[in-house]
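To keep things clear, I will list the structure first and then write my remarks on it.
The values are calculated or read from the model by the stated rules, or taken from the named source; none is laboratory data. Values in this document were obtained by computation on a predicted structure and should not be read as measured data. Cβ sites come from the backbone with ideal geometry, for glycine too, and all protein chains shown count toward neighbours.
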Amino acid sequence: MADEIADVYRVESLEKYDLRDRVLIRLADLVFFCAISLIGKTIRWEVRGTDHLDAVIASGRQPIYCLWHDRIFAGTYFLRDRGIVVLTSQSKDGEYIARFLRRFGFGAVRGSSSRGGVKGLVEMIRSMRRGLPMAFTVDGPRGPRYEAKAGPVLLAQKTGNPILPFSVECRSFRTVKSWDRLQIPIPFTKALFTYSTPIYVLPEKAGVDEKLAELQSSLDDLVRSGEEWRERN
């Protein structure tokens, strides 16, 4: 079992890629790692809702962290070195994302809603049963933006572990011209990190749609409260 756990934290070989792609993947990996590290170190954090995380851990369960894709930059830095396992795409982009996430102490399971989704979910179920926390960008990897997908709900249903919605709101940031409008924090900005109430999913299939709507509502509420915080600060 120890070897199986280690696999999710191990950097994969790039032998299936040609030389050009290997260079680009390694370069993107390094650029993202350096950018997140340098900017993340300057952020001044305000944290709310840690009692929700503490309650999950105290119950003997592991959280299924969920956030919107546009907040992954600051979220990655804040949650570094906690052994959290993330679902990443099987694409070339997913390869460099998996590599820089591992530099921050995350594990990675390959698959997504568009490619290898079933395989990825099965591997996440196995990893949770080995005691590892999971994380989803719930509108990824390609959107639609701010539209939650069912992966975290299915994982919670199969494992009995709760979904833990969270969000990061930076007071100052730049927006990338991408489908998610990725937020890049301005150095030395203030940021609010908020955990919401855990969402527990019963084993019965009938509750999946209801819990997905609850996850959507929770993340929407986190965005609204974060925007209100930013306006006051």
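Numbers for the structure displayed
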{"item": "Of all residues making up the stretch 20-73, the number that are within 23 Å of ALA156 (Cα to Cα), out of contact with any strand residue (DSSP E or B) (no Cβ under 9 Å at 6 or more places or on another chain) and of a type in the set (D, E, K, R)", "result": "2"}
{"item": "Filter pass, LEU101 being aliphatic (A, V, I, L, M), out of contact with any His (no Cβ under 7 Å at 6 or more places or on another chain), under 20 Å from VAL8 (Cα atoms) and in contact (Cβ under 8 Å) with a residue 12 or more places away in the chain", "result": "yes"}
{"item": "Residue satisfying all of: in the stretch 104-118; buried (at least 18 other Cβ atoms within 10 Å of the Cβ) and under 21 Å from TYR17 (Cα atoms); modelled with the highest pLDDT among these", "result": "ALA108"}
{"item": "Residue match in the stretch 57-64 (condition: touching a helix residue (DSSP H, G or I) at 6+ places or on another chain (Cβ under 7 Å) and over 25 Å from LEU212 (Cα atoms))", "result": "no"}
{"item": "Matching residues in the stretch 144-160 - criterion: being buried (at least 23 other Cβ atoms within 10 Å of the Cβ) and not aliphatic (A, V, I, L, M)", "result": "GLY151, PRO152"}
{"item": "Flag if PHE100 is hydrophobic (A, V, I, L, M, F, W, C) and modelled with pLDDT under 95", "result": "yes"}
{"item": "Which listed residue is at pLDDT 85 or above and under 19 Å from ASP180 (Cα atoms), from VAL85, VAL138", "result": "VAL138"}
{"item": "Residue ranges of strands (runs of 3 or more DSSP E) in the stretch 153-233 with at least 2 members under 15 Å from the mean Cα position of the chain (by Cα) and of a type in the set (Phe, Trp, Tyr)", "result": "190-195"}
{"item": "Test: residue in the stretch 85-98 that is assigned to a loop (DSSP other than H, G, I, E, B) and surrounded by fewer than 19 Cβ atoms within 10 Å (Cβ to Cβ)", "result": "yes"}
{"item": "The stretch 1-48 - residue that is exposed (fewer than 14 other Cβ atoms within 10 Å of the Cβ), assigned to a loop (DSSP other than H, G, I, E, B) and not β-branched (Val, Ile, Thr) and, of those, farthest from the chain's Cα centre (by Cα)", "result": "ASP18"}
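Rundown of residues vs (1) of a type outside the set (Gly, Ala, Ser); (2) buried (at least 19 other Cβ atoms within 10 Å of the Cβ), yes/no style:
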| residue | (1), (2) |
| --- | --- |
| ARG102 | yes, yes |
| GLY120 | no, yes |
| SER127 | no, yes |
| ALA135 | no, yes |
| ARG142 | yes, no |
